[in-house]
Amino acid sequence: MQDAQKRVPIGISFPEYVVGEKYSVLGGKCRLFAHDEATLTRFDVNKWLARLSDYVHCTSIRPVPDKVSGYAIYQRQQPKTNPARLARRYAKRHDMDFETALHDPINLEDNVIPNTNYQQTFRYCDMPPKAISTPFIRLKSLSSGQDFCLWIKKSAASEPVVADFSSYGLSASATVPEF
């Protein structure tokens with residue numbers, strides 16, 4: 001539902017969102033939000049989720065309760081954890097082959113503050129594995145056909161902020177009510 005300026009009027013929340021040491025989940029429930037009922041009616045979520053009708057239960061559109069427990073920002077997080085992907089990007093940006101970018105030391109002297117004890121070189125193949133505690137959804141790109149993970153980070157907000165959402169219903173600044 002993007003308009004001509006690529007703005008999306010619908011946001012999403014995950015009321016059962018949990019981040020823990022051992023596991024993190026988005027939960028079994030999601031809510032869609034818009035400024036007015038007509039926008040959600042026009043979106044027609046039942047049409048988009050028809051092939052999942054055995055797994056998904058959609059309720060009717062309801063107003064946000066008068067008393068909410070707060071506001072939250074749900075935004076995309078793009079962790080830098082895959083050494084091969086990072087090396088491919090580095091190779092492309094610096095016009096070199098993938099193996100060189102992955103295995104040869106990269107000089108960090110240009111990015112280091114003088115008179116500090118920072119490491120002077122770095123190799124992508126030496127990156128330690130990094131666990132990400134943020135929950136994610138595994139998706140398939142409609143344009144490229146590739147599978148990817150969409151990590152979703154939740155932040156608490158004290159006041160409501162009106163802004164646009166991405167095509168995933170996420171935003172770095174727009175809030176949705178929590179209840």
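The values are calculated or read from the model by the stated rules, or taken from the named source; none is laboratory data. From a predicted model like this one, the values you see are computed outputs, not experimental measurements. Here Cβ is always computed from backbone atoms with ideal geometry, including for glycine, and neighbour counts include all displayed protein chains. Keep in mind that these areas ignore ligands, DNA and RNA; they rest on the heavy atoms of the full protein, side chains included. Shrake-Rupley method; radii C 1.70, N 1.55, O 1.52, S 1.80 Å.
About its Cα centre, what dipole magnitude does the chain give when the only charges are +1 on Lys and Arg Cβ and -1 on Asp and Glu Cβ, stated in debye to the nearest 20?
For the chain, the charge dipole is close to 380 debye.
For the chain, the tally of Lys pairs with Cα-Cα distances below 19 Å comes to 12, considering only residues 8 or more apart or on different chains.
The H on the amide N of Gly70, modeled in the peptide plane, is under 5 Å from the matching H of Glu178, each at least 5 residues off or on a different chain.
Rolling a 1.4 Å probe across all protein chains gives Thr41 an accessible area of roughly 90 Å². Can you give the local net charge around Leu150? Use residues other than it whose beta-carbon is closer than 14 angstrom to its beta-carbon, Lys and Arg +1, Asp and Glu -1. Taking every Cβ under 14 Å from that of Leu150, the sum is +4.
Here Leu170 sits with roughly 10 square angstrom of accessible surface, probe radius 1.4 Å.
Only helical DSSP H runs with n ≥ 4 go in: add -39500 (n - 2.57) per run for the chain, normalise by residue count and round the 222 nm mean residue ellipticity to 500 deg cm²/dmol.
About -4000 deg cm²/dmol.
Taking all protein chains together and a 1.4 Å probe, the residues Ile73, Ile132 rank Ile132, Ile73 from largest to smallest accessible area. Surface calculation, 1.4 Å probe, protein heavy atoms: Glu99 sits at approximately 100 Å² accessible. Among the chymotrypsin sites (Phe, Trp or Tyr not before Pro) in the stretch 38-89, those placed in a DSSP loop whose Cβ has at most 11 other Cβ atoms within 10 Å are Tyr55. Axis of helix 83-93 versus longest Cα principal axis of the chain: the two differ by about 80°, to the nearest ten degrees.
Quotient of the Cα radius of gyration of the chain and 2.2 N^0.38 Å, N being its number of residues: 1.32. Surface composition of the chain: carbon plus sulfur atoms contribute 51% of the solvent-accessible area (1.4 Å probe, protein chains only, all chains present).
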